[in-house]
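Written below as structure tokens is the structure these notes are about.
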Amino acid sequence: MNDMKKGLIFVLFALVSIVSYSQISWNAKVGMNMRIGFNVGVGMEYQFSDMWSIQPSLMFTQKGAKQDEVKMNPMYLEIPVLAAARFAIADNQNIVVKAGPYFAFGIAGKCKIGDEKIDFFGDGDDQFGAKRFDAGLGVGVAYEINKFFIDLSGEFGLAKLADGDGAPKNMNFSIGVGYKF
């Protein structure tokens, strides 16, 4: 048998092994962002083994910043896709460490400068001009008790919010609670 056929048989065997073990579960989560705002969403977990899984989610999150007279509160639809490692610490209790990319699209938001409010996204005289697309790296740790979990996470944006050398990037930290069903 040539090497290509051996490789194909190995890949098929590996896929059958993964699919035969894999478990899909769903969850709902709500949390508070550390600076301004909140987040809420649903996610799924595709478990490859007792330890390894992938956790894609769809989140609605309100990010923001406040400095002197300027207050910003953009809202995003966000899709984090995190790889997770689960460590059992007691019966039905786990610590989950996760990391991976996130992608987000700005859907609304205001920027308040003094007493004047303008739109956060878009161009124009009455708009702040931030870019709608955001992407970066998400990291987190969760403590699971049966079907409930407490989640601490951080996001480090890699996309600039505007054009220019000194343009800011999103950075967000949150704490949340959730339920797996």
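The values are calculated or read from the model by the stated rules, or taken from the named source; none is laboratory data. Please read these numbers as outputs of a predicted model, since none were measured by experiment. Neighbour counts are summed over all protein chains in view; Cβ atoms, including those assigned to glycine, are modelled from backbone coordinates with ideal geometry. All accessible areas refer to the heavy atoms of the entire protein, side chains included, with ligands and DNA or RNA removed. Shrake-Rupley method; radii C 1.70, N 1.55, O 1.52, S 1.80 Å.
General observations
- Amide H partners (placed H, <5 Å) of residue 64, local residues excluded: 36
- All aspartates and glutamates inside 14 Å of residue 117 as judged from Cα atoms, apart from same-chain residues fewer than 8 positions distant: 69, 125, 126
- Residue among 104, 149, 81 farthest towards the positive dipole end of segment 65-150, charges placed on Cβ: 149
- Overall dimensions of segment 71-151 by Cα: Rg and Dmax, Å: 18.4, 59
- 3J(HN,Hα) couplings calculated from phi for segment 132-141 with the Karplus curve 6.51 cos²θ - 1.76 cosθ + 1.60 (θ = phi - 60°) are, in sequence order, 7, 7, 9, 8, x, 10, x, 9, x, 9 Hz; Gly and Pro show x.
- Among the protein heavy atoms of segment 33-175, carbon and sulfur supply 61% of the accessible surface, probe 1.4 Å, non-protein parts ignored.
- For the chain, the longest principal axis of the Cα atoms and the long axis of helix 3-21 meet at an angle of about 70 degrees.
- Accessible area per residue was computed with a 1.4 Å probe on protein heavy atoms; residue 126 scores about 100 Å².
- Here, the chain has an Rg and a Dmax of 20.2, 76 Å when only alpha carbons are counted.
- Residues of type lysines that residue 112 reaches as a straight line, Cα spacing below 21 Å, ignoring anything fewer than 8 places off in the same chain: 63, 66, 71, 131, 160, 169
- Surface exposure of the chain, expressed per residue as accessible area with a 1.4 Å probe, stands at 61 Å².
- Under 24 Å from the Cα of residue 147 - lysines, other chains or at least 8 residues apart: 29, 98, 180
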